[in-house]
Protein chains: 2
Amino acid sequence: MATRGRPRGFDREAALARAMEVFWERGFDNASLGELTRAMGINSPSLYAAFGSKEGLFQEAMALYVKTAGGGIWEPVDSLPTARDAIAHVLYATARAFTGHGQSRGCMIVLASPQAQGSNPSISGELERHRRGNRECLEKRLRRAVEEGELPDTTDCHAVATFYSTVQHGMSIQARDGASREELLGVADCAMSAWESLTRPA
Amino acid sequence: MATRGRPRGFDREAALARAMEVFWERGFDNASLGELTRAMGINSPSLYAAFGSKEGLFQEAMALYVKTAGGGIWEPVDSLPTARDAIAHVLYATARAFTGHGQSRGCMIVLASPQAQGSNPSISGELERHRRGNRECLEKRLRRAVEEGELPDTTDCHAVATFYSTVQHGMSIQARDGASREELLGVADCAMSAWESLTRPA
DNA sequence: ATATTTATGTATTGATCAATACATAAATAA
DNA sequence: TTATTTATGTATTGATCAATACATAAATAT
């Protein structure tokens, strides 16, 4: 398939990365097209030609976020040797990720559109599905640990996963409110200090 | 001061309560004036005559929220006999409050305008100040507990307060995502199970 | 009674939003 | 070359937003 027509005059990936930063910092609704095109260095017709719509651009930005900025957090969950390692990794990686990108603090998935009845239900719905997926990822890992004997079969995997997922969500708000990396690492410490009592045989 | 002029034709407090529900459910930006006036049963000139502006209406709605829906959570912190009682109260009261108001789930203070660079910085700033105030309320209570001998003076009050504040914020996201009261009470259980290790003498 | 004051309903304002129309530019295909 | 295809820049579209203008209604003050 040869390239027909006038070639694109901008770097699609670079422009998408710029858009991700804007969505991350401002959320879906508050990121205006003017702001997006300015950050991407293009005009709106180019944006629509390349990404279809503001919603389409956000979808791709979200995928890029999951793959890059938010990526290192969840991938290792299944490969780390113990459930404890996995959950500790999620919390500490979160503390680092949420405080390491300049102005963009906190999780895009949590902060981009928190209203369930937001202006774009399809966006809110997809973000919610993603958050639920992360929680289920933790719960699955805990169940595997029970099967493998790491944890007693009295462990309430659902409750423990919900707890750590809640802490991880809360760290987004704290990061947005200016919490330092040290403070978020401290939150992870505190959360992990509950591990023994949460996984003690009944 | 006698009442001059045509009397107001609607119940100001009732209208404000309706507005609070809309802001709570939809956030500041996504709550349109049309939606607000429809819920309040008035036209926009009446809204502006009574509340000044959308921002003014939100300020009053936020004050009402703090006094009513979110009120029982923080007031008892200073009067409860121990810091442990106080923090447990905050968490369990939060679990109940965030799941008991029909469609409005989660904390208005956390969810109404999460973007630090939102469309209305003054609103975002005030909400952030309020969240910080809640965290400081916990920290102050913990310091008092250290002074009174309830907790060892090795207790890291700042870290512990930040941790429980983070859990409380995270519960807003979980509630918005549909977590049940039982699940949030379970989160509170898990968080409190860290208490012993967090306050153990070094 | 008349004047004054405040509230209401209808209609509208300018601003901003996401999305496009249209003419032109820049590439390949024949 | 000429035709075709795709991208770009300028300008604009209709929709929606928060906020008001204006005439009228309903109360008190004198």
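Please work out which residue is farthest from B:Pro121 (Cα to Cα), limiting yourself to the range A:180-190 and to residues that are more than 7 Å from chain B (Cβ to nearest Cβ) and crowded, with 24+ Cβ neighbours inside 10 Å.
That would be A:Ala188.
Quick one: in the range A:1-20, which of the residues that are surrounded by 10 or more Cβ atoms within 10 Å (Cβ to Cβ) and within 10 Å of DNA strand D (Cβ to nearest atom) is nearest to the other protein chains (Cβ to nearest Cβ)?
Of everything passing the filter in the range A:1-20, A:Ala15 is nearest to the other protein chains (Cβ to nearest Cβ).
Hey, does the range A:68-76 have a residue that's assigned to a helix (DSSP H, G or I) and in contact with a His (Cβ under 6 Å, 6 or more places away or on another chain)? Let's see the steps before the verdict.
First, the residues of the range A:68-76 that are assigned to a helix (DSSP H, G or I): A:71-76.
Checking the rest, the ones that are also in contact with a His (Cβ under 6 Å, 6 or more places away or on another chain) come to A:76.
Yes: the range A:68-76 contains one or more residues that are assigned to a helix (DSSP H, G or I) and in contact with a His (Cβ under 6 Å, 6 or more places away or on another chain).
How many residues are within 12 Å of DNA strand D (Cβ to nearest atom), surrounded by fewer than 20 Cβ atoms within 10 Å (Cβ to Cβ) and closer than 20 Å to A:Glu126 by Cβ when one looks only at the range A:47-57?
Total meeting the criteria: 1.
For the range B:58-71, state whether one or more residues are within 11 Å of DNA strand D (Cβ to nearest atom) and more than 14 Å from every other protein chain (Cβ to nearest Cβ).
Keep residues of the range B:58-71 that are within 11 Å of DNA strand D (Cβ to nearest atom), which gives B:58.
Then drop every residue that is not more than 14 Å from every other protein chain (Cβ to nearest Cβ), which leaves B:58.
Taking every residue of the range B:58-71 in turn, at least one turns out to be within 11 Å of DNA strand D (Cβ to nearest atom) and more than 14 Å from every other protein chain (Cβ to nearest Cβ).
Among the numbered criteria (1) more than 11 Å from DNA strand C (Cβ to nearest atom); (2) out of contact with any His (no Cβ under 9 Å at 6 or more places or on another chain); (3) more than 21 Å from B:Pro121 (Cα to Cα), which single criterion is violated by B:Asn30?
(3)
Listed residues B:Val77, B:Val90; which is closer than 17 Å to B:Ala161 by Cα and within 14 Å of another protein chain (Cβ to nearest Cβ)? Before the answer, list the steps.
Details: B:Val77 fails: within 14 Å of another protein chain (Cβ to nearest Cβ).
None of the other options fit; the residue is B:Val90.
Can you name the residue in the range B:32-46 that is touching a residue at least 24 places away in the same chain (Cβ under 8 Å) and within 15 Å of DNA strand D (Cβ to nearest atom) and is also farthest from the other protein chains (Cβ to nearest Cβ) among such residues?
Taking the range B:32-46 and keeping what is touching a residue at least 24 places away in the same chain (Cβ under 8 Å), we get B:40-42, B:46.
Okay, now just the ones that are also within 15 Å of DNA strand D (Cβ to nearest atom), so B:40, B:42, B:46.
Details: B:Met40: 18, B:Ile42: 22, B:Ser46: 25 Å.
Among residues in the range B:32-46 that are touching a residue at least 24 places away in the same chain (Cβ under 8 Å) and within 15 Å of DNA strand D (Cβ to nearest atom), the one farthest from the other protein chains (Cβ to nearest Cβ) is B:Ser46.
Only the coordinates and a few stated rules stand behind these numbers; no lab work does. These figures come from a predicted structure and were not determined experimentally. We place every Cβ from the backbone using ideal geometry, glycine too, and count neighbours over all the protein chains shown.
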